[in-house]
Structure formats: C-alpha cells, structure tokens
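Here, each number is a calculation from the coordinates, and none is a lab measurement. Given the structure is predicted, the values throughout are model-derived calculations rather than measurements. Cβ placement follows ideal geometry from the backbone for every residue including glycine, while neighbour counts extend to all protein chains displayed.
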Amino acid sequence: MRLRVAIPLILALLFAGLFTNSARAQELKFGFTPVLSEPEMRTEFEPLMNYLSESLGQKVTLYIAKDYGDLRTQMENGSVDIGSFSPFAYVDAARGGKIRIIAQSIIEGSATYRGLIVARKDSGLKTIADLKGKRFAFVDPKSASGYVYPRAMLIEKGINPETFFKETIFAGSHDKVIAAVLDGRVDAGAIYDGAIGVAQRSNVSTENLITLAGSDPIPHDAIAVRIGLDEALAKKIQLALINLDKSEAGGRVIANSKKKLTGHVIAEDKLFDVVRRTAKIAEMPQAPSPTNDGFSATVTPGEAKFILPAPIRKRFGWHLETTRPNEQEYRMHVVVENEGQQYTFGFYVWKSSRSEPGSGDLSDLLKAGQKIIFVRTSSSMHMIARTPVITVTQKDESIVVTIRRKEEIARLFSGHPTEVVFEIKLPGDPLISKTVAVTYKN
C-alpha cells in the first residue's frame with residue numbers, strides 16, 4: 001500500500017523538477033554595451049525586456065556589460081543570447097564568428113548618427129587644432145563615436161592621436177565623458193550626438209558644452225544573436241523587435257526611451273562595412289591576444305594558483321587626476337562560478353577621495369593595490385577575504401594569484417567548476433578576457 005502511494009509522489013516530483021529545469025532553460029539574456037550609467041540602463045531597457053518576454057512567451061532578462069568588449073565575451077561563452085552592440089563593438093565581435101546580426105536600432109527615426117568632439121564654452125577651444133597638449137576623454141576602445149571615428153578624424157587631419165594630447169582617458173560611457181568635460185577633469189571629449197539630449201533628459205545641465213567637430217554618419221547599434229540559438233526562436237526575436245512600433249506594449253517602450261528609440265529594422269552584416277573602413281583609417285591598434293601558454297589555473301585542496309601574463313608598460317600610474325573617486329583603475333582578476341554563486345578574486349586598484357597619485361614599475365603597482373576575494377550578488381560585490389589569504393606576486397613575466405586557506409578554496413571550487421575567466425583591465429587599454437580550463441590535483 002505504501003509503495004502505491006509513494007510511486008505517484010515520486011513521479012510528481014520528477015515531473016515538477018523537469019518542468020522547473022525546462023522553464024529555467026527557456027530564460028533568455030539580452031546584453032547591452034554600457035552606453036549609460038547602470039541605473040539609466042535599467043530604466044531604459046527593462047521595459048524592452050518586459051515587451052520581449054510577453055511577445056516571446058518566455059522570460060527575457062537584462063545584462064549590462066562591464067565594458068564594450070565584455071558583451072562579446074559573454075555571448076561567445078553562451079552566457080548571453082542576444083546582444084545590442086555599438087557599431088565597432090559589433091564589427092569586433094563579428095570577427096569571432098560566434099554571433100550573427102538580426103536587426104538594427106532606429107533612433108529618432110534615423111538609422112545613422114554622428115560622433116561629436118565637445119568642450120566647454122569657457123575653455124577657449126574652437127577647433128581640433130586647439131586640442132594639442134590638452135587632456136582628452138574617449139569612451140571605450142570599442143566605441144565607434146567615442147573612439148574609432150574621432151581617431152580617424154584626427155589621422156585624416158595629419159594628427160597622431162598617440163602624441164597629440166597631453167593625456168587621454170577612457171571614461172567608460174558617454175555620460176561619463178560629458179561629466180568629465182563639464183567637471184574640468186578633461187578639456188574635451190568624444191561622444192555620440194544623442195548623448196547630450198540623454199543627459200538633458202537626466203537633468204544634467206549641458207548649456208556650457210560646444211561642439212568642435214562632427215564625424216561622418218555611423219550606423220546605429222547592431223542587434224545580434226549567438227550562433228547556436230534555435231533558428232525559430234531567433235526569428236521570433238527578430239519579428240518582435242521589428243514590430244516594436246506596431247503594438248500598444250511596444251509603444252510604451254518607445255515612449256519611455258530617453259535614447260529616443262523609435263523601432264528596429266532587419267539588418268545585414270554589410271551595413272557595417274563603413275565602420276570597418278573607418279577603423280582601417282583609424283589604424284586601430286589590436287588588443288593583445290594572449291594564448292593559453294600565458295594563463296593557467298591549478299587547484300589543490302591546500303593551494304589554488306592562477307598565472308596570467310604580466311602587463312608590459314615602462315611605468316604605471318595610479319590614483320590619476322582624471323579618475324573619479326571610487327572608480328576602479330586596475331583589475332587583474334579571476335572569475336569563477338561555483339554551485340550557483342559567482343566569485344571574483346585577484347588584484348585591484350580603486351581611487352578614493354583620500355588617494356594620493358603615484359607611479360612606478362609593476363612591483364610598485366602591486367604594492368599600491370589590493371588583493372581581495374569577492375562574492376557577487378545580484379546588486380553588488382561583497383569582500384570575503386583579503387591578504388594574507390590571497391596573494392598577488394610577480395614572477396618573471398607573469399602575475400601569480402595564490403589562495404592558501406582551505407576553507408576559501410572549498411568555497412570557490414567545491415563543485416569542481418571546469419573553467420575560470422581571467423580578466424586584465426588597465427587604464428586606456430581594452431579589456432583582455434580569457435577562458436581557461438581548471439586543472440585539479442590531489
């Protein structure tokens with residue numbers, strides 16, 4: 001009798017588990033390059049996630065990329081299914097052959113926009129030539145309007161971008177470039193033409209900005225799906241996007257948009273050939289592409305050791321004048337997911353309000369920074385350990401990150417995750433991201 005009762009109960013639990021796993025598997029993640037601050041990104045794009053969830057009949061969640069290169073990384077490793085790429089970030093990601101374009105954003109009824117070089121009215125600057133020896137802010141090495149196109153403009157005028165300015169920074173987003181110019185931390189900066197309107201709609205006073213130059217037209221953002229996503233589902237996503245302006249729910253997304261999104265159209269890769277040609281003019285420096293020979297991850301019960309290539313510079317500067325308080329300047333860290341929880345650990349430099357500027361060689365930099373293990377939550381990161389539990393040292397041409405406390409090793413690697421992601425980010429350089437298999441030893 002007990003067996004007869006138990007069998008239906010067991011079957012019910014199994015089916016419930018299968019249903020739960022199926023629902024989880026159907027959840028889609030839509031990533032965006034960080035064109036606005038995180039709160040503004042959520043306000044801008046959460047309504048679109050709700051619209052797509054209703055249109056597709058499955059949950060679509062928002063992913064805000066750490067920087068312009070991170071979105072490519074997340075789509076290539078399958079963590080993100082759909083991506084909205086700024087034009088050059090798309091061109092860069094398309095080289096990897098693991099995404100394909102399905103649509104393009106239309107902003108204020110237009111498929112193109114322009115890059116601008118802006119300065120303060122009271123700066124006395126009138127032309128690009130006046131920027132010689134000044135401090136300048138770009139957005140990101142993979143931003144079309146915030147780096148590629150203004151760099152091409154300079155080169156076409158016979159200007160060497162590497163030596164023309166006194167100092168250049170990558171602010172990380174267009175709103176941060178505007179803030180840096182208005183605050184006087186830089187003399188001028190590169191943004192896209194819609195950024196001023198977005199800032200105004202966020203109650204930022206931009207009356208003191210003037211435009212020194214504008215770029216040729218640039219195609220608006222590309223929307224792509226990862227290779228391997230179900231073809232029928234990709235088609236449904238494409239139809240939902242291009243029908244955005246044809247429904248009441250889509251109309252609410254458009255009405256909410258500070259970026260003035262007015263819809264999407266079907267797009268092909270060749271649309272971005274103009275960006276490729278401009279990148280060639282801009283003589284875009286190639287980001288380092290380290291091989292696995294420079295990276296390794298080895299875990300034993302008593303010691304976990306992670307090796308990555310040491311960055312090469314004559315001198316490193318930290319707590320720079322152009323860095324805002326509480327902003328991260330350096331990270332050389334490892335990311336791992338273990339039993340449903342994400343951890344990051346390694347070397348970091350942040351600028352605080354009390355920080356004194358410094359410079360020196362790599363050993364000096366390592367002394368100036370912090371060695372920390374973080375656990376990531378849905379909204380923030382919490383420190384769980386620091387030196388001496390974790391150490392970061394230089395050995396020959398490598399950086400060695402070591403964790404020696406058994407409890408922390410178990411916390412991070414108890415489930416034997418098969419891989420970790422190394423990330424190296426230095427001021428002014430593109431993000432280097434490398435996925436490496438973990439070797440376990442007794």
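The GluC sites (Glu not before Pro) found in region 348-442 that occupy coil by DSSP, while having at most 16 further C-beta atoms within 10 Å, are E397. Couplings 3J(HN,Hα) of region 80-96, computed from phi: 10, 9, 10, x, 9, 9, 5, x, 6, 4, 5, 4, 5, 5, 5, 4, x Hz, in residue order, whole Hz [Karplus 6.51 cos²θ - 1.76 cosθ + 1.60, θ = phi - 60°; x for Gly and Pro]. Phi-derived couplings, Karplus 6.51 cos²θ - 1.76 cosθ + 1.60 at θ = phi - 60°, listed residue by residue for region 329-335: 9, 10, 8, 10, 9, 10, 10 Hz, with x used for Gly and Pro. Proximity of backbone amide H atoms, modeled 1.01 Å from N, is registered between G263 and I106 at under 5 Å, excluding neighbours fewer than 5 places apart on the same chain. In a fully extended conformation the segment linking R114 and K235 would gain 40.6 nm over its present Cα-Cα distance, using 0.36 nm per residue. For the chain, a simple Cβ point-charge model (Lys and Arg +1, Asp and Glu -1, everything else neutral) yields a dipole of about 600 debye relative to the Cα centre.
For region 93-215, the square roots a ≥ b ≥ c of the C-alpha gyration tensor eigenvalues yield an a/c of 1.5 or more together with a/b not exceeding b/c, which makes the shape oblate. Extension gain for E303-Q328 works out to 6.2 nm (0.36 nm per residue, less the C-alpha to C-alpha distance). Under 5 Å from the amide H of I227 lie the amide H atoms of I99, R100, each residue being 5 or more positions distant or on a separate chain, with H modelled from the backbone and absent for Pro and chain starts. Between rounded, prolate and oblate, where does the chain land on the alpha carbon gyration tensor, with a ≥ b ≥ c its root eigenvalues, rounded for a/c under 1.5, else prolate if a/b exceeds b/c? Oblate is the answer for the chain, as a/c is 1.5 or above yet b/c matches or exceeds a/b. Here the label points at E46 and D429, each 7 Å from Cα along the C-beta direction, are separated by 3.7 nm in the simple model. Report note on the peptides 84-91, 398-405: ranked by the mean count of other C-beta atoms within 10 Å, highest first, their order is 84-91, 398-405. The tail of the calculated P(r) for region 291-442, taken as Cα-Cα distances beyond 23 Å, holds 35 percent of the pairs. The 3J(HN,Hα) values that the Karplus relation (6.51, -1.76, 1.60; θ = phi - 60°) gives for region 70-76 are, in residue order, 5, 4, 4, 4, 5, 6, 5 Hz. Gly and Pro appear as x.
Pairs from the table (K59/K258; K132/K258; K314/K434; K121/K367) lying more than 32 angstrom apart at Cα are K132/K258; K121/K367. Ordered by the number of other Cβ atoms lying within 10 Å of each residue's own Cβ, fewest first, H264, H382 fall into the sequence H382, H264.
Fully extending the segment from E283 to K270 would add 2.6 nm, taking 0.36 nm per residue of separation and subtracting the current Cα-Cα distance. Of the residues S359, M383, L239, the one whose Cα sits farthest toward the positive end of the charge dipole of the chain, with +1 on the Cβ of Lys and Arg and -1 on the Cβ of Asp and Glu, is M383. Placing one equal scatterer on every Cα of region 301-374 and applying the Debye formula, the log10 ratio I(q)/I(0) at q = 0.14, 0.26, 0.28 Å⁻¹ is -0.53, -1.27, -1.38.
The ratio of the alpha-carbon radius of gyration of region 198-273 to the globular-protein estimate 2.2 N^0.38 Å is 1.47.
On the basis of the beta-carbon distance and an R0 of 30 Å, E27 and N160 show a calculated FRET efficiency of 0.05.
Among K176, K246, K142, K314, sorting on how many other beta-carbon atoms sit within 10 Å of each Cβ, with the fewest leading, yields K314, K246, K176, K142. The fewest-to-most ranking of L362, L244, L125 by surrounding Cβ atoms within 10 Å reads L362, L125, L244. Annotation: amide H-H contacts under 5 Å for L28 (H modelled 1.01 Å from N, sequence separation of 5 or more, or interchain): K59, V60, T61. Classification of region 124-186 by its C-alpha gyration tensor yields an oblate form. The axis ratio a/c (a ≥ b ≥ c) is 1.5 or more, and b/c is at least a/b. Based on DSSP H segments of at least four residues, each scored -39500 (n - 2.57), the chain has a per-residue ellipticity at 222 nm of -9000 deg cm²/dmol.
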